[in-house]
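Asker: Shown below is the structure under consideration.
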Amino acid sequence: MADTDRKDRAEYEVPLGIVHSALLEPFRTRLFVDDETVVDAEITYDSAHRGIERIMEGMPVQKGLIITERICGICSHIHLWNGTRMVEQGLGIEVPQRAHHIRVIGNELERIHSHLLFLGHAFEILGHETFSMRCFMLREPVQNILFFLSGNRVHYTISVIGGIRPRADIDKEKRRTLLGMLNSLEEGCKNFANRALKDSLIVSRIKEIGYLSKDDAVKYGALGPNLRASGVCEDVRTRVSEYSNFDFDIIVYDGGAVLDRVACRVFEVLESIKIIRQALETLPDEEPMNVDFEIGEMGFSTSYNEAARGEIYDSCALDESGRIKNYINRTPSMSSISAMEVSCIGDHLTDASLIIASCDPCLTCTNRITVVDENKGREYVLGPDEIRSMTRRRRI
Amino acid sequence: MMLKETSRKNAVHIMLVYTGGCNGCDIEVVNAVLSPFYDLEQYKVMLTWNPREADILAVTGPVTKKIAPALKEIYDAIPEPKLVAAIGACATVGGPYANLGGDLGSSDQIIGGVEKVIPVDAKLPGCPPRPEDILQVVASVIPLLAEKR
């Protein structure tokens, strides 16, 4: 990364808010520009550190795992599922097939709402309010489905060790309603996919910016849809045994541009609906919970799974009384940050906030963007409003 | 007086500040105000990102030490009369991070509820609160704003 502490540079900084209307979390992006082309980027994020892994140290495992759900308000189910899965594998606890199906349903619903949220934000940054509002409108039924399934719109707490929470079980009546809700959701998503990806205005605006090559994507550790949009066919779901019963396609795009990342997510939504429908139709008729287990000492256990943004990793050990030791959680955005920085390079300054948003960072937002002009040797900070109006005014 | 009251009632601006929570409450607030489903904008309540323009400061998440000075600065930048709404379990009492450290003492990272940093007028518990509740808390706070002058 570029030398940020050069002595010969006068620095001007305009302090602006921590909040960005597009991506809600606080992080700071510094873009180094030559004229108006980005030559280097640097993302700093540390304002939201809460020390969750430290809190969980020494907690009973059932209690500690609930806290993993509070890591993220977008992908809350996958954190809990992956944590439970890790403990179940480590202790050799059998889980009924029905519980696996319901957990998969939870994960795929979460993927849908996460991707729709991403699309809403991306189109908002692009300045296309209509599409943005359509995405938010599409997302609301998904939240309602999750609320209907589990009783909460954001933190669903579907998995518990040994199975699922009884409230999240799906009886016949619930299954019929869910399938009906799913049909209308699929229709809405298909209409939106057709409309958005055939819109010549949108496509010409995003098709050649934010290029992330296949080699760079692998080298800088991009994960999930960002990696698949750069032409790498990699999905952890293919290796997760819970998914082996379901038939779905992995969406891979070769372009590596913003358009590919958007299109990849649009079609992943449709694949997720396919998985949910299969899971609902083949739901086995059995008890969803296995209570016949004992929690005791467990060696170091790990688990990988595919969250909405890519691979997620959890690991921990338990002591004799079932208390957590050394919990480690690695979320996909942690790995994708460098790829975001790289994909900004070589593009126009006005596209940078869109490119970073197109990588779907799940940590915090471009609260302020510092622009460092390499030739003139000055540094200034742009607020969210300025950046957004620049992005919207950009001529193609 | 009348003009001021009328104009204030007809253009309430909410500024949303994220202070280190999990995103759940933020998205629910944005959902309640911005998204076309709940659409608080129809009651002339707008989301803003400029403290100078704001009337209500909505804070979500437990306040981390890193972000506390920024939160204070934002609070000071909002012109009087102003109200602060703490939204979600973390912002009201600290949520799962309230007893962080327990017997060992305070946390290195988290201060706790918003109250410990800036004065709070309205509290909305829930993990996360539903958009309907957010609509209600905003509706109940607007008269306070008119009284405060």
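Asker: Using a Förster distance of 30 Å, how high is the FRET efficiency between residue A:302 and residue A:233, based on the Cβ-Cβ distance and rounded to 0.05?
Answerer: Step by step, r from the Cβ atoms, then E = 0.80.
Asker: Mind running the shape call on the stretch B:10-137? Use the C-alpha gyration tensor, a ≥ b ≥ c as the square roots of the eigenvalues: rounded below 1.5 for a/c, prolate if a/b tops b/c, oblate otherwise.
Answerer: oblate
Asker: Just tell me which lysines come within less than 23 Å, Cα to Cα, of residue A:325; anything on the same chain fewer than 8 places away is out.
Answerer: A:63
Asker: How far apart, in nm, are the 7 Å Cα→Cβ label points at residue A:285 and residue B:132?
Answerer: With each label placed 7 Å out from Cα toward Cβ, I get 3.4 nm.
Asker: Could you check the simple spin-label distance between residue A:137 and residue A:213, using points 7 Å along Cα→Cβ, in nm with one decimal?
Answerer: 4.3
Asker: In nm, to one decimal, how far is the residue A:325 label point from the residue B:148 one, both placed 7 Å along Cα→Cβ?
Answerer: Placing both labels 7 Å beyond Cα along the Cβ direction yields 5.2 nm.
Asker: Also, I was wondering about something else. Calculate, in nm to one decimal, what residue A:204 and residue A:292 gain on full extension: separation in residues at 0.36 nm each, minus their alpha carbon distance.
Answerer: 25.9 nm
Asker: Quick check for chain B: number of Lys pairs with alpha-carbon distance under 14 Å, counting only pairs 8 or more apart or on different chains?
Answerer: So the count works out to 8.
Taken together, the values in this text are just the output of simple stated rules run on the coordinates, not laboratory data. Quick caveat: nothing in here was measured; it's all calculated off a predicted structure. Glycine also receives a Cβ, built like all others from the backbone with ideal geometry; neighbour counts cover every protein chain displayed.
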